[in-house]
1. Out of the residues in region 15-55 that are in contact with a Leu (Cβ under 8 Å, 6 or more places away or on another chain), part of a helix (DSSP H, G or I) and surrounded by fewer than 18 Cβ atoms within 10 Å (Cβ to Cβ), which is modelled with the highest pLDDT?
2. Can you tell me which residues in region 56-93 are of a type in the set (A, V, I, L, M) and either part of a helix (DSSP H, G or I) or surrounded by 15 or more Cβ atoms within 10 Å (Cβ to Cβ) (or both)?
3. Looking only at region 135-159, how many residues end up being over 13 Å from the mean Cα position of the chain (by Cα) and either within 19 Å of ASP73 (Cα to Cα) or part of a loop (DSSP other than H, G, I, E, B) (or both)?
4. Could you say which residue among ARG139, ARG87 is over 28 Å from VAL40 (Cα atoms) and not aliphatic (A, V, I, L, M)?
5. Just to be sure I understand, how many residues within region 160-170 are assigned to a helix (DSSP H, G or I) and either touching a residue at least 24 places away in the same chain (Cβ under 8 Å) or within 19 Å of ASP73 (Cα to Cα) (or both)?
6. Let me spell it out: the conditions are (1) of a type in the set (Lys, Arg); (2) free of Cβ contacts under 8 Å to residues at least 12 places away in the same chain; (3) part of a helix (DSSP H, G or I), and ARG122 meets all of them except one. Which number is the exception?
7. Give the number of residues within region 118-156 that are aliphatic (A, V, I, L, M) and surrounded by fewer than 17 Cβ atoms within 10 Å (Cβ to Cβ).
8. Does at least one position in region 27-45 carry a residue that is touching a residue at least 24 places away in the same chain (Cβ under 8 Å), farther than 22 Å from ALA143 by Cα and in contact with a Pro (Cβ under 9 Å, 6 or more places away or on another chain)?
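The values are calculated or read from the model by the stated rules, or taken from the named source; none is laboratory data. On a predicted model such as this, the values are computed, not experimentally measured, just so you know. Virtual Cβ from ideal backbone geometry, glycine too; neighbours counted across all protein chains shown.
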Amino acid sequence: MHPAFLYLPGTRLSIAELAAARIDGHLVELGDAYIPADLVEGAHTRAASIAHLVQPGAAASGPSAAWIHGAGDVPPTRHHVSRAVARRIRPVQHPRVVFHDSPVARTDVQPIDTIEVTTVERTLIDLALGLQRDPLLARWLEALAHLVPDGIGRASAYIASRNRLPGSRSAAAARDARRDLRTT
């Protein structure tokens, strides 16, 4: 997405000017930014709206990646970012960013606009495994599984193939509950 179509508060326009343009119908809010009202919202525009929160060497993951891939209308309150390189990186401290230091394989990351984002399958795996820590991830998991119905099967197979994977029991329980809901 061309940067001319993305308005971050305080860069080219103040928050007051952006709010006035939104009230007039010229702009709409998208994550942390504003875009022209007639611009199609997609993965590239969503990724560009949070690019300032994803540092080099990291990738948007979890609920942030789910939102970028099209799950949900509103971005998560706190964005999740995972290390996407083998070496350690110093995370940029931001109150709206949760940094996960466990590395994500290069095969599980794809470039979208100017940032790296975990693939749909890896995002489903991360959300399913994170259910034991944060039950609110179920909303993102369900929304992304609705967009990519065959992805949940591949994610379940990956989780089942691993031994002693933290969060695998809660992921299996969520998968079984989802299967039960579809059969009734």
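1. ALA21
2. Across region 56-93, the qualifying residues are ALA58, ALA59, ALA60, ALA65, ALA66, ILE68, ALA71, VAL81, ALA84, VAL85, ILE89.
3. Residues meeting the conditions: 10.
4. ARG87
5. The qualifying residues number 3.
6. (2)
7. 2
8. Taking every residue of region 27-45 in turn, at least one turns out to be touching a residue at least 24 places away in the same chain (Cβ under 8 Å), farther than 22 Å from ALA143 by Cα and in contact with a Pro (Cβ under 9 Å, 6 or more places away or on another chain).
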